[in-house]
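I have placed the structure first, in the form of structure tokens, so that the comments after it can refer back to it.
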Amino acid sequence: MEHLYSKIPPTKLRNQNERFRPANTSSKFWLWVADRFFYGMLENRFFALRYKGAEKVFQRDTSAPTILFAPHSNWWDGIVGYNICNRIFHHEIRLMVEELNRFPLLRRAGAFSVNKKSPYASMEALKYSIETLGNLNNFLYIFPQGIIMPPNYRPIRFQTGLAYIAEKAAEKYGKVNLVPIAVNYAFLRADRPEVLVEFADIIELTKSESKLDRKEYTHHLENAMTQICDNQFRDIAEGNLDDYETLFQQKLKWYRKIEQRLKKIEIKGSGV
């Protein structure tokens, strides 16, 4: 059986050099293709994508750059992140992708490469992350765990890259918005799973606060994401989903429509 989870990043595991490649979203045609393609992928595989707390992001200080950070448990996380940025907030995504040389077209959608063979090799991606935040049309979307972890894995532990980017961005731009996100993939009442996304309260880091202990601030961000993920998991377990908005929801299949009709039929003497 394939080993599902490894604590060693792919670029370090394969020990292959990969030169840095920045995002390239200059072509409106390729942005249009990415928008339709990644949205269509979700529609084809999931019954719905629902989200909660987006008003917190809309009410942010829009003069400051924004970083969204989320857990990383499976292959779909990047596709979900793209649609969060593009379809909900109408911003371009900037997303670190390991081994981007294997998927070069992702650059056209906003991905840029990161080589985790060593801290020195990762530095170019970290510096680019800070630079790209200068364009307020971009949202930086980060998986600060650095590797794929099992769903709902605890304790949540981050690498220090997110704290480094936040610190340097606050110094350079005066302020940065950090948004913890919870993402869950759950079967509810439909025959296909749903994507549930919840946005936590914004964490603001200003230039005056940026002289920080990076490890302590990393723990602060870990705790913020743990709290929103645990709250969402509890709400799902208790069925508290009324506050979610819907990005898309599939129409019922023919057999589900028949099921709904049958439920409305009362058979005399059946006790039903």
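Quick check for me: using +1 on Lys/Arg Cβ and -1 on Asp/Glu Cβ, what's the dipole size of the chain about its Cα centre, in debye to the nearest 20?
Taking the Cα centre of the chain as origin, the dipole is about 900 debye.
Rank-order 73-83, 10-20 by packing density, defined as the average count of other C-beta atoms within 10 Å over each peptide's residues, highest first.
Listed from highest to lowest mean packing, they are 73-83, 10-20.
Looking at segment 84-191, which trypsin sites (Lys or Arg not before Pro) are DSSP coil and have at most 12 other C-beta atoms within 10 Å of their C-beta?
R189
Which of these, G239, G53, G174, has the largest mean-square fluctuation under a Gaussian network model of the chain (Cα springs below 10 Å)?
G239
Using a Gaussian network for the chain with springs between C-alpha atoms less than 10 Å apart, which of these wobbles most: Q232, Q59, Q159?
Maximum fluctuation in the GNM of the chain, among the listed residues, is at Q59.
Determine the calculated [θ] at 222 nm for the chain from helices alone, applying -39500 (n - 2.57) to every DSSP H run no shorter than 4 residues and normalising by the residue count; nearest 500 deg cm²/dmol.
Taking each H run of at least 4 residues, the total per residue is -11000 deg cm²/dmol.
Please get the size of the charge dipole for segment 2-160, origin at its Cα centre, with Cβ charges of +1 on Lys and Arg and -1 on Asp and Glu, quoted in debye to the nearest 20.
With Lys and Arg at +1 and Asp and Glu at -1, about 200 debye.
Can you tell which of H220, A237, L205 lies farthest toward the positive end of the dipole of the chain, using +1 and -1 charges on the Cβ of basic and acidic side chains (Lys, Arg; Asp, Glu)?
Comparing the listed Cα positions along the dipole, A237 ranks first.
Rule-based calculations on the coordinates, nothing more; no lab input. Everything quoted here is computed from the prediction, not taken from an experiment. Every residue, glycine among them, receives a Cβ derived from its backbone with ideal geometry; neighbour counts consider all protein chains shown.
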